[in-house]
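Participant: Quick one: the structure is below, and I'll ask about it shortly.
Bear in mind that the values in this text are calculations on the coordinates, not laboratory data. Fair warning: this is a prediction, and the values are worked out from it, not measured in the lab. Cβ placement follows ideal geometry from the backbone for every residue including glycine, while neighbour counts extend to all protein chains displayed.
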């Protein structure tokens, strides 16, 4: 949880002197002689107009950064959740909004992914609100059920074209009947199967601005998906990899594909290799940066 300390201020020392007192005579300026003088009423009017102009400007700033809501109902129990956007950094914004939902996505409970999404995803969305977004992993295998992150995306990136990929087709069919996936494009199949990935690309058209791999977590599922989707990521796009901490688990090294040998570990075959290229070269110019936090990383494609 983030905390803040309210600064204290010394009381104002400026003295306010009345224009006239009961026993004083008006000066020439107060009588209107020798130049134009603003009356108290006129000053109030000017202050009011300036205040209205300031509020209009603040409204424009809020709408232009992609978050126009100050209060909205976003949780599953339809409880209004207030959002104070101005003054919050994006990590805190992501964290607070994610925690306003029930159920809460494990992105901000078990994990601390609000860090990378606050630092990279939300600023990217402000620059390109109509971005094409693809998350792999609807959450059908989660104890709290599918769709927790979808609800979050609908709120945080409402103007994006959102695609979801999920292994469990039966779960998807059931979830579709609840209406929670309205407005969302959903693909089904095993992300470790190159034929499935080719079909996903054909159905979606590829050309994603953002990809989030929160799918099966098998090393070769992650690697195969990356090798198929990274070339189709638009210049400047972001590719997020979640839950990398399980990469050395034996049970997550059981699959293979024509693009990935069994036993491949993503942290070594992809991430360490990319870091070495960025630092030592030779650089292929494809990766602008690779940033990692606890259990996850994000790569940005060069523009």
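Participant: According to the square roots a ≥ b ≥ c of the eigenvalues of the Cα gyration tensor, what is the shape class of the stretch 148-228, taking rounded for a/c under 1.5, prolate for a/b larger than b/c otherwise, and oblate for the remainder?
Facilitator: It comes out prolate by the Cα gyration axes.
Participant: Could you give the length gained on full extension between residue 272 and residue 201, defined as 0.36 nm per residue of separation minus the Cα-Cα distance, in nm?
Facilitator: So the extension gain works out to 22.8 nm.
Participant: State the Cα centre-to-centre distance between the stretch 240-282 and the stretch 124-203 in whole Å.
Facilitator: The distance from the Cα centre of the stretch 240-282 to that of the stretch 124-203 comes to 24 Å.
Participant: Taking square-rooted eigenvalues a ≥ b ≥ c of the alpha carbon gyration tensor, is the stretch 89-301 rounded, prolate or oblate, where a/c under 1.5 means rounded and, failing that, a/b exceeding b/c means prolate?
Facilitator: Judged from the Cα gyration tensor, the stretch 89-301 comes out rounded (a/c under 1.5).
Participant: Follow-up question, since we're still on this one. Rank these for me by crowding, 149, 302, going from fewest to most other beta carbons within 10 Å.
Facilitator: Lowest count first: 302, 149.
Participant: For the stretch 89-301, what is the percent of antiparallel DSSP beta bridges, rounded to the nearest 5?
Facilitator: Just about 40 percent of them are antiparallel.
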